Amino acid sequence: MTIASKLKEALLCMKAGRVTLPYPFEPHDPEEGFRGLPKVDVNKCIGCGGCANVCPARLIRVIDKDQSTRVLVFLYERCTFCGRCAEVCPEGAIEMTRDFELSTDDVHDDMIGEYHIFMGPCERCGRCYRPPTALDKLMKPGMREDTIDRKCPMLCPGRTEEKE
Amino acid sequence: MIRDWLIQKVLPRSLWVYHTNCGACNGCDIEVLDVLTPYYDAERFGIKVVGSPRHADALLVSGPMTRQTAPAVRRVYEAVPDPKVVFAIGSCATGGGMWHDTYNVLGGADQVLPVDFYVPGCPPRPEAILHGIATALGLTPKEVHALHAIQEADEVEIEELAEEQRLVHERE
Ligand code: SF4
Ligand code: SF4
Ligand code: SF4
């Protein structure tokens, strides 16, 4: 009885063949929809800080380095890969990549992202600004230092006069 | 250093690990279980999970370090005979995860223990844990590196930032 069941088990195992993944020696890509390390495309980012606002791990820091540079610092070591930042980004600048091989012996140096975004400074108050929506962006081409128009932009929170 | 030399000697052989949950949501612990199944089969690297820290060479820590568990984890760490290595599994153990600043959490595992290897992920895929082990054993290279990109005023440029251009950022 027991020998018969053992034989049956052995047969079953033989039929299944080898099931172990050869993984660390051969690549094994994640499934569709897998969320890996979020990366920012600095060409698309408008520096609105929406991602920093929703990140549950509060790992995105927005620092205005000088009058025309805004820096997004991602402390990736505590990222929960929830994808909220990519979902909320109005420009689709954040991509949840499929990178999952993140193991490291120095998490503080390797798991960090620093993105320097160019922002036009307001002529009047000197603060970084970008129009809030893509529609506003279409209407106001002068966002950058070289093309900025002489009027204080209507959206600037620091504007005091010049209502049209 | 003699400790590093000993670890180099010990690691490629059979590594016995003791798994500690110091406040994890159990996501990471389930993935650690997965790694031990025949499908992922960490035992082909000689890895075995043992029931007592006194039998272990490596300590697997998952979850954020809570105030309650920190003294106990410290005692577990001291019970592991030298030379020992500590793996932090999951975002909680690597940096505190989304609990990094809550009132009952001290932070990542490195607030209490000297962590040798980090496997971020929430939870990390079983493949990611295997990759971490294989990297620690020297079988595969490290894939991750810091990301730096800069957008210039006139033309957009993406380039590596020089060391002195980077912002200095302190961590909490
Ligand atoms: S994936 Fe989630 S935790 Fe990670 S940076 Fe984005 S919002 Fe934050
Ligand atoms: S939400 Fe998108 S556009 Fe806004 S700061 Fe984050 S990455 Fe940039
Ligand atoms: S890293 Fe994610 S899955 Fe692991 S213990 Fe923390 S919250 Fe849970």
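General observations
- Boolean, residue A:70 is within 12 Å of ligand 1 (Cβ to nearest atom) and touching a Gly at 6+ places or on another chain (Cβ under 8 Å): no
- Cβ separations smaller than 6 Å between residues 6+ apart or across chains give the following pairs from segment B:114-126 residues that are aromatic (Phe, Trp, Tyr) to residues that are within 11 Å of ligand 3 (Cβ to nearest atom): B:118/B:88; B:118/B:94.
- Residue within segment B:104-118 that is facing chain A (nearest Cβ under 7 Å) and closer than 16 Å to residue B:18 by Cβ present: yes
- Figure legend. Inter-residue proximity from segment A:82-102: first residues among the hydroxyl-bearing types (Ser, Thr, Tyr), second residues within 16 Å of ligand 3 (Cβ to nearest atom) and open to solvent by 40 Å² or more (accessible area, probe 1.4 Å), beta-carbon distance below 9 Å, spacing 6+ or different chains. Indicated pairs: A:97/A:35.
- The listed residues are B:153, B:134, B:93, and the only one of them that is at pLDDT below 60, among the small types (Gly, Ala, Ser) and either surrounded by fewer than 15 Cβ atoms within 10 Å (Cβ to Cβ) or over 25 Å from residue A:65 (Cα atoms) (or both) turns out to be B:153.
- Only helices (runs of 4 or more DSSP H) whose full extent lies in segment B:26-117 are considered here, and the ones with at least 1 residues that are aliphatic (A, V, I, L, M) and touching a His at 6+ places or on another chain (Cβ under 8 Å) are B:27-36.
- Residues that are open to solvent by 20 Å² or more (accessible area, probe 1.4 Å) and touching a residue at least 12 places away in the same chain (Cβ under 8 Å), drawn from segment A:54-67: A:54, A:56, A:61, A:62, A:64, A:65, A:67
- None of A:104, A:20 is crowded, with 20+ Cβ neighbours inside 10 Å and either closer than 27 Å to residue B:131 by Cα or more than 16 Å from ligand 3 (Cβ to nearest atom) (or both) except A:104.
- Boolean, residue B:32 is in contact with a strand residue (DSSP E or B) (Cβ under 9 Å, 6 or more places away or on another chain), open to solvent by less than 20 Å² (accessible area, probe 1.4 Å) and in contact (Cβ under 8 Å) with a residue 12 or more places away in the chain: yes
- Residue under evaluation residue A:97, criteria (1) more than 15 Å from ligand 2 (Cβ to nearest atom); (2) among the polar types (S, T, N, Q); (3) open to solvent by less than 60 Å² (accessible area, probe 1.4 Å), criterion not met: (1)
- Test: residue in segment B:69-77 that is among the polar types (S, T, N, Q) and either within 16 Å of ligand 1 (Cβ to nearest atom) or under 30 Å from residue A:35 (Cβ atoms) (or both): yes
The values are calculated or read from the model by the stated rules, or taken from the named source; none is laboratory data. All values derive from a computational prediction rather than experimental measurement. Virtual Cβ from ideal backbone geometry, glycine too; neighbours counted across all protein chains shown. Ligands, DNA and RNA are excluded from the accessible area calculation, which covers all protein heavy atoms including side chains. Shrake-Rupley method; radii C 1.70, N 1.55, O 1.52, S 1.80 Å.
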